[in-house]
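These notes concern the structure reproduced below.
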Ligand SMILES: Cc1ncc(C[n+]2csc(CCOP(=O)(O)OP(=O)(O)O)c2C)c(N)n1
Ligand SMILES: Cc1ncc(C[n+]2csc(CCOP(=O)(O)OP(=O)(O)O)c2C)c(N)n1
Ligand SMILES: [Mg+2]
Ligand SMILES: [Mg+2]
């Protein structure tokens, strides 16, 4: 594991931004869970509680125009790119104010204007799709980089292999980010994976560097992201970064996560990315009041979003029949 | 590359058998090509001219009951397990005496009684299927080993990755044999592969040993096969062996192989596995007459088979409607 | 006679066969220790152990390939592909490997396995986790395709599927898992390829499958009580083999046909049946055969949107009523 | 006016669009330097170079994923999946990714790409290299599906497909590649979703697609000359969008319907059309609509076996003749 952030000079306001993003994601995700308990989140949902540093670190290192490709566990990455909490919660609640007005649901959050090119719910495909966006950038000489987030369990599916080889031979400006939270749904990924580090131990199979970082330290994530983006923009091809982390909640909304050994969650909660980062900022001399202000700003945004969503109507039913085709409709015949 | 056969004592009669297999395959494949030129091979066909040492080496190292899973380039492996030349050529010619009476064709040669569990024409799947046969052996405590043959180009498809990881974690008695003949169909595999050795350089991604051998030296193949089978039978799990070789003919029957750089074929023909092996046997003191006898026996078998096939009728058309289901028929309704 | 959920019926059917035949093994993602994402294999791991109930990586091709190779050489695997939509990542096995092997090998090799899929919508999972893939499966020659609607049928058809010497695609409907029904004690073995007439009637025949069966039944009740229209409701249960005899006989009595299909419109099972009926019973029909399907669109996630697109009791009632009136 | 092969028409159509639009790029296995396994992309690499005509590894998911991501962000990729049967190894893209993205994103993201497939049989390639997958594609909401039968249609429909803002599956028939036909000089752009009446007739309507079109035409000639039966032959050309207007209008004139489908029977495109016709034109029909299809079996490899199972001119003639006589 590449150890914690080198003392490299992350600017003070970037650090505050990183903290803000993590806190905002934490608050929004917790609210999503509360709303589920209230029976207001009607579909499924997959939270990133405990994994916030990854979303924050990468998003903060991106430039405008860079593209994110997420999974069903994509609320965090969507929020980190600047999509409003209201639009995200609205989609989870199947309200008309949702990001896709309820047509996609929590697993498919997409906001093109923020560079969030979709969240994908079938394991594997989006690694290949991210390559395509990077191919377009390379083809046109555009300088944006595509980032593809996925989990440890995803490293065992075929599309992973196809995508990595393809990105490597074409030297595409794409960054593959494995959020290794130890588990697939309810199974320990180590039980079904031939190597210890499911992504990093396979990097060599594609001629890539082996990179493992502490995914609970936003500075480490940010620095690794910066380095990968610089390489990509310089035409040096793809990177794969394995981030070690842990999800505090179950796999999806209703999973009590009983399969975890006793004490595992507690151990990881000691390494809660928000705690780590708050302490880091304090040790760097940031005033507690400043941090509390960030926290309160996040809470306020989440509260306001929640109220807006509670008040929002469901989508009008006629939109069920729109946007199958580019002409706006669903007609398959004349 | 693990270099040539260790002086390990390959018994003299095994060596003669290895030579016989290689010669027989060479003669049969050349005949298949001649029959194609005569317009008697009506479907496609994929020859193993130049790759005979691999088929011979593995088959000679197998025990009865061991299972082979081949590709469309599977005539050689089918013959090496003892299926008659007549049945193979009959299938290529779509005659009633063919191995599957023309229902499968050259790409699907199958002879369960010889342990040839099928030839598969869609890249990738049979690596996963071979695992299943090995799982059955492991589950039942049976001692047979499954061998899966595939090409260099196959290492870039998703199913390769899924199969290798799966075999590794379950420690299955399966041996993956990559026949690296440099090309996929008409494209140099090196142009589209991120590592130099498409199979071996990925072995570590599945916790496997990196093995590259000279695939044109039947002794080297035989020894590598023996070692892998011993490991598999001892419960030590899968192996992957990359065999360096070259196909003398085009990819399939009609391919003139113009994409090859000048001189490449000639260079490899100097390392023709039959030449190498004949010289080896001569240097070990085998009488030329003995070798000539083997060659003539093979030619005679191929000639007799050819005559039988020319004389054989096409399959009766009613068999087009049999054996879709286990009841022998094709009825999908009452 | 126990009252079982459809979910528990899955485990009960598999357990019945595992007890009987040591060659039956289960394989899939999270099916063993966790008892399955839908808890449909709950209890099997405790009863039969890790050797016979196997967790796998996320690698559907590896799962089905392992099942196939094992089936070809003597085992009777029951593989789970969690959500039916994921059949798309291993479709090569459904389309090219399982169903063609016996034929291509001239009968040398069979592939006796069962693939279980969590099929269908109404669970608000959105377009990639809600599809009804029965038509994907029906269109592939060499597969058998089963889709039960009740717990007792789940047990009996599961047993029949496991004992069947051909590859059987077993579609479990996600939105039926929590439903309950009586299941007799003791061994239950049903017969593939047999439809069930769940309600007799004189005015029209309604064909339905899986989640559409309770809806068709409720519609038939309403059509009778509110409109005096007397419908026969047939639960197809199996698309391949297809019980055309029962269908054609019913039409010989009612002379009108309706299908209630959860699959999106184009090339659904109802199209096939209408084409059979139109060809073979044309002069039995008193009016056009009508298909009630999900429109040809991806499924929306939101509850109110999903509810308007899946065939509903009221849409069935309205369609039948208007069609018989015209 | 040049005489072109169907194969050359593919390259001509693509070249026309590549010249016009720098965003059009080609991707696939062996399509560039080698000009394609079927030589259908011959010349494009020399003309447009390695940047726009790209060879790939054997990795169909990587190919279609790259095409999709590029399409989502501004390019117009034309991807080749060599044999149509290989669609099964990347079916996730056909079924779950391409067609659902615009809908799920509430219209934010389109996927304007073309996937070319070498479809169909009669080339003695056996069960895994001969399938007609038009019904696989037709059943997925959100795809458009095109299958031309002549060189001029190949050029014009290819151009239309490339210009179309939605994902288009372009089925090239392997056994038509060597056939020839006249193709006017200059730019040709056709319209998706339009069928062509290739022969008018009063007694029956025969619908056909791709390789079945010349067979249907030959059968119509024979039916006329030997049996005095006058058939209208319609080349559907496009399954989605479907030109139901042309079909229904023809039936309004002939009152009898026959489909000639290369796909195996169950859930073929003909089933869908029969179900539309049976519903909407029931009282126009003078007799049962009849489907002439490949039986529901995997395809055998041997020439004489393949010839008995694919719909042949004589089977079409016999079926129509007997059906009209009864
Ligand atoms: C092809 C496919 N197989 C299975 C699933 C079901 N599934 C959804 S999430 C998941 C676990 C993924 O694990 P991982 O990649 O580690 O990501 P995490 O959920 O831990 O973030 C599984 C198996 C799926 N969505 N797609
Ligand atoms: C999934 C799939 N994609 C493409 C093909 C077409 N194809 C047949 S053989 C071949 C080349 C395979 O190359 P390699 O694995 O090196 O084997 P070789 O033919 O050299 O023995 C290709 C691309 C196929 N059969 N299946
Ligand atoms: Mg995980
Ligand atoms: Mg090769």
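The values are calculated or read from the model by the stated rules, or taken from the named source; none is laboratory data. None of the values given here were measured: they were computed from a predicted structure. Every residue, glycine as well, gets a Cβ built from its backbone with ideal geometry; the counts of neighbours run over all protein chains shown.
Brief remarks follow.
- Among the residues making up the stretch D:36-57, none is without any contact (Cβ under 8 Å) to a residue 12 or more places away in the chain and within 25 Å of the chain's Cα centre (by Cα).
- Wholly within the stretch B:51-141, helices (runs of 4 or more DSSP H) carrying at least 2 residues that are facing chain C (nearest Cβ under 8 Å): B:125-140
- Some residue of the stretch C:82-95 being modelled with pLDDT of 95 or more and more than 16 Å from ligand 1 (Cβ to nearest atom): yes
- For residue D:207, the stated conditions do not hold, so it cannot be described as more than 14 Å from every other protein chain (Cβ to nearest Cβ) and either over 28 Å from residue C:299 (Cβ atoms) or part of a helix (DSSP H, G or I) (or both).
- Evaluation of residue B:144 against the conditions (1) within 16 Å of ligand 1 (Cβ to nearest atom); (2) touching a residue at least 60 places away in the same chain (Cβ under 8 Å) shows that the sole unmet condition is (1).
- Only a single item in (1) under 19 Å from residue A:29 (Cα atoms); (2) modelled with pLDDT under 95; (3) more than 16 Å from ligand 3 (Cβ to nearest atom) is not met by residue A:249, and it is number (3).
- Helices (runs of 4 or more DSSP H) within the stretch D:1-106 that include 1 or more residues crowded, with 24+ Cβ neighbours inside 10 Å and away from chain A (no Cβ under 14 Å): D:6-20
- Scan of the stretch D:196-223 for residues that are farther than 23 Å from residue D:180 by Cα and out of contact with any strand residue (DSSP E or B) (no Cβ under 7 Å at 6 or more places or on another chain), ordered by number: D:202
- Screening residue A:278 with (1) away from ligand 1 (no atom under 16 Å from the Cβ); (2) outside any helix (DSSP H, G or I) gives one miss only, at (2).
- Given (1) free of Cβ contacts under 8 Å to residues at least 24 places away in the same chain; (2) on the phi > 0 side of the Ramachandran plot; (3) crowded, with 17+ Cβ neighbours inside 10 Å, index of the condition residue A:263 fails: (3)
- Test: residue in the stretch D:212-220 that is at pLDDT 95 or above, within 14 Å of another protein chain (Cβ to nearest Cβ) and surrounded by fewer than 24 Cβ atoms within 10 Å (Cβ to Cβ): no
- Residue under evaluation residue B:307, criteria (1) under 27 Å from residue B:105 (Cα atoms); (2) within 14 Å of chain D (Cβ to nearest Cβ); (3) free of Cβ contacts under 8 Å to residues at least 24 places away in the same chain, criterion not met: (2)
- Among residues of the stretch D:280-304, those that are in contact with a helix residue (DSSP H, G or I) (Cβ under 8 Å, 6 or more places away or on another chain) and within 7 Å of another protein chain (Cβ to nearest Cβ), counted: 11
- None of B:165, B:181 is within 16 Å of ligand 3 (Cβ to nearest atom) and out of contact with any strand residue (DSSP E or B) (no Cβ under 6 Å at 6 or more places or on another chain) except B:165.
- Hey, residue B:99 away from ligand 2 (no atom under 16 Å from the Cβ), over 30 Å from residue C:51 (Cβ atoms) and in contact with a strand residue (DSSP E or B) (Cβ under 7 Å, 6 or more places away or on another chain) or not: yes
- If the condition is being surrounded by fewer than 24 Cβ atoms within 10 Å (Cβ to Cβ) and either within 16 Å of ligand 3 (Cβ to nearest atom) or under 23 Å from residue D:131 (Cα atoms) (or both), then the stretch B:102-121 contributes no residue at all.
- Filter pass, residue D:111 being out of contact with any strand residue (DSSP E or B) (no Cβ under 6 Å at 6 or more places or on another chain), crowded, with 24+ Cβ neighbours inside 10 Å, assigned to a helix (DSSP H, G or I) and more than 10 Å from chain C (Cβ to nearest Cβ): no
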